[in-house]
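Below is one structure, written out as structure tokens, with a few remarks after it.
The values are calculated or read from the model by the stated rules, or taken from the named source; none is laboratory data. Everything numeric in this text was worked out from a predicted model, so none of it was measured. Glycine also receives a Cβ, built like all others from the backbone with ideal geometry; neighbour counts cover every protein chain displayed. Surface areas here come from the heavy atoms of the whole protein model, side chains and all, with no ligands, DNA or RNA. Shrake-Rupley method; radii C 1.70, N 1.55, O 1.52, S 1.80 Å.
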Amino acid sequence: MGGTGPPNSGDLSLNLTKQQSSRTTSAPSSPAKTRESLLQRVQSLTGVARDQGASLIGNVGAAVTGAAGRPVFNKDRCFTLLVIDDQNTDWSKYFRGRRLHGDYDIRVEQAEFKELSVTANSDSGTTVSMGVYRNGTKVVRSFRPDFVLIRQNLRDAGEDNKNLLLGFKFGGVPSINTLHAVYNFQDKPWVFAHLLQIQRRLGKENFPLIEQTYYPNFREMLSAPRFPVVFKIGHAHSGLGKVKVENNADFQDMASVVAVANTYCTTEPYVDSKYDIHVQKIGDNYKSFMRKSISGNWKTNTGSAMLEQIQMPDRYKMWLDEVAAMFGGLDICALEMIVARDGREFIIEVNDSALSLMGDTQEEDRRHIADLVTQRMQQLCRPATLTKTASRTSMSSVQSTTSGYGGSVGSVAAPTTPPEERPGIPDLPASGTSPQPRRDSQASQSSTMSSVSQQSAARRTEDSAQSQRAAFGRQGSTTGSVGGPGGGEDTEDTMKNLRKTFAGIFGDM
């Protein structure tokens, strides 16, 4: 792989060698180079002291209320935020005192991917169980997250947590970045292919993406286009799986390693760089950093490096905005670039919400992330009481609509337009008059519409009398058919026959 170790000079005693075993997403601060950097360092230390004071006050208050070491929140009025990150950063302090919908607290649960287990149900949602060590004691508890902040890479060398992501998606848990976007960052060639789409649209001069060759397996690896090349095996972060290959013999040796690993690989032309550039976007906040290796390693993100925050050019901002539109939108993202000796810039990769925070503005960046999460939770997390109120309001509106519909039917039954000007609408009887029996469909429609409209008192009385006479006719005669279309005429005939019969009987007496 090449690369020399850090020099033994006393001037470089502040060595900032990055540990490969560390999974933290927050990069250490680097030695200051300018007075501006020194001022930023002082401001950062002031912010740290302020946060420690706030944390101390919060812990004292928690101890008084009987919850030592943990922030106090209203269990009945709170939303649960799951932060997936290591324990090097205490995210609870960045959400302390924040409120949603007026008086809802934000309860923060923090753990790494390896400490989580997830189950999801189509009705009840996602349940998370986590076992974490706090001060040497293992704490196990279960909860249902309302929101997730993902600050760890979903997939890395030897780690794949896609099954946990599927559980969050199955339960419909919102997150930053979105679960859809995080899912698309599982394979770097997949992400690079989307960067190529941006380059084809904007042009190589407006989006200087580095040249890259993809090999799906070792069988296709005959030779690289030119040497030296940077060999990247599979999907990994923090410089893992990256090898500098000088000639074709070494290239074939690396092909045998790919065969054993049973994975894909990519190659890029090696660029002798002066420094690399890290530009990040957190919500609407943009930052740009220059990182220059001082350890002699060809991997600029490995070993000791000088870090300096620089001005954000318009072209960097434009690149970030283009990248932030991928996969439905990235709330948090970063671009990694290298600058060659001749000043040419090459975009090499993009990072998602698990990006490394750099320099003396890490505390400020974490507050920006907390602000962004709070804003998204305010939009997406709704209290149950508001949901019930909305349901009751919708039911009331449905009932009002139904009542209005009944009234509209009544208004249709008594139109003001003359009958001869209403084609296709049957003639309706005047109020207080008895409708004539009809045998066709128009008669049925007229009877139905008339029964819905408002009737006068005399009309109701006459209808009641007719109903009684019809009932009496049905009891006195078996030939009358009320259910048929001619039931009204049969009933009248029956009543006439009865009157004649009674008249004859009483007349004889």
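In this structure, the amide hydrogen of V83, modeled 1.01 Å from its nitrogen in the peptide plane, lies closer than 5 angstrom to those of E109, Q110, A111, L149, counting only residues at least 5 positions away or on a different chain.
What part of the accessible area of the stretch 290-337, given as a whole %, is carbon or sulfur when the probe is 1.4 angstrom? Don't jump to the answer; show the numbers that get you there.
Working: 870 of 1810 Å².
Whole-percent figure for carbon plus sulfur exposure: 48.
Sorted largest first by accessible area at a 1.4 angstrom probe radius, with every protein chain in place, the residues R144, R376 fall in the order R144, R376.
Per-residue Karplus couplings for the stretch 336-351, computed as 6.51 cos²θ - 1.76 cosθ + 1.60 with θ equal to phi - 60°, are listed in order as 10, 9, 10, 10, 6, 4, 8, x, 6, 10, 10, 7, 10, 6, 10, 10 Hz, Gly and Pro entered as x. Structure note, pairs K204/K274; K232/K274; K244/K287; K75/K281; K114/K188: Cα-Cα distances above 24 angstrom occur for K244/K287; K75/K281.
Segment Q199..K138, full-extension length gain: 17.0 nm, with 0.36 nm per residue of separation and the alpha-carbon distance subtracted.
Here the relative contact order of the stretch 177-269, from alpha carbon pairs under 8 Å that lie six or more residues apart, stands at 33 percent. Normalised per residue, the accessible area of the stretch 224-363 is 37 Å², obtained with a 1.4 Å probe and no contribution from ligands, DNA or RNA. The string of couplings for the stretch 100-117 from the Karplus curve (6.51, -1.76, 1.60, θ = phi - 60°) is 10, 6, x, 9, 9, 7, 10, 8, 9, 10, 10, 6, 8, 4, 5, 9, 10, 9 Hz, one whole number per residue in order, with x for Gly and Pro.
Classify the stretch 237-367: rounded, prolate or oblate, from the alpha-carbon gyration tensor (a ≥ b ≥ c, eigenvalue square roots; a/c under 1.5 rounded; otherwise prolate if a/b is larger than b/c)? Numbers along the way, then the final one.
Numbers: a/c = 2.01, a/b = 1.56, b/c = 1.29.
Prolate, since a/c reaches 1.5 and a/b exceeds b/c.
Taking N as the number of residues in the stretch 177-325, what is its alpha-carbon radius of gyration divided by 2.2 N^0.38 Å? Don't jump to the answer; show the numbers that get you there.
Details: Rg = 16.8 Å, N = 149, 2.2 N^0.38 = 14.7 Å.
Compactness ratio reported: 1.14.
Rounded, prolate or oblate: pick one for the stretch 68-182, where a ≥ b ≥ c are the square roots of the eigenvalues of its C-alpha gyration tensor, a/c under 1.5 means rounded, and failing that, prolate if a/b is larger than b/c, else oblate. Cα axes put the stretch 68-182 in the oblate bin. Legend: residues W298, W319, sorted from most to least accessible area (1.4 Å probe; ligands, DNA and RNA excluded), read W298, W319.
Please give the Cα centre distance for the stretch 200-252 versus the stretch 96-126, rounded to the nearest Å. When both Cα centres are located, 40 Å separates them. Overall, the accessible surface of the stretch 131-224 at a probe of 1.4 angstrom is composed of carbon and sulfur to the extent of 50 percent. Among T213, T89, the order of accessible area from largest down is T213, T89, computed with a 1.4 Å probe on protein heavy atoms.
What the Cβ-Cβ distance of K75 and N248 gives, at R0 = 56 Å and to the nearest 0.05, is a FRET efficiency of 0.30.
Annotation: amide H-H contacts under 5 Å for L209 (H modelled 1.01 Å from N, sequence separation of 5 or more, or interchain): I347. Size estimate for the stretch 244-313 follows the Kirkwood approach: the inverse of mean 1/r over distinct Cα pairs works out to 15.0 Å.
At full extension, D371 and A261 could sit 35.4 nm farther apart than now, given 0.36 nm per residue minus the alpha carbon distance. Counting only the Cα atoms, the stretch 274-322 fills a convex hull of 87 Å³ per residue.
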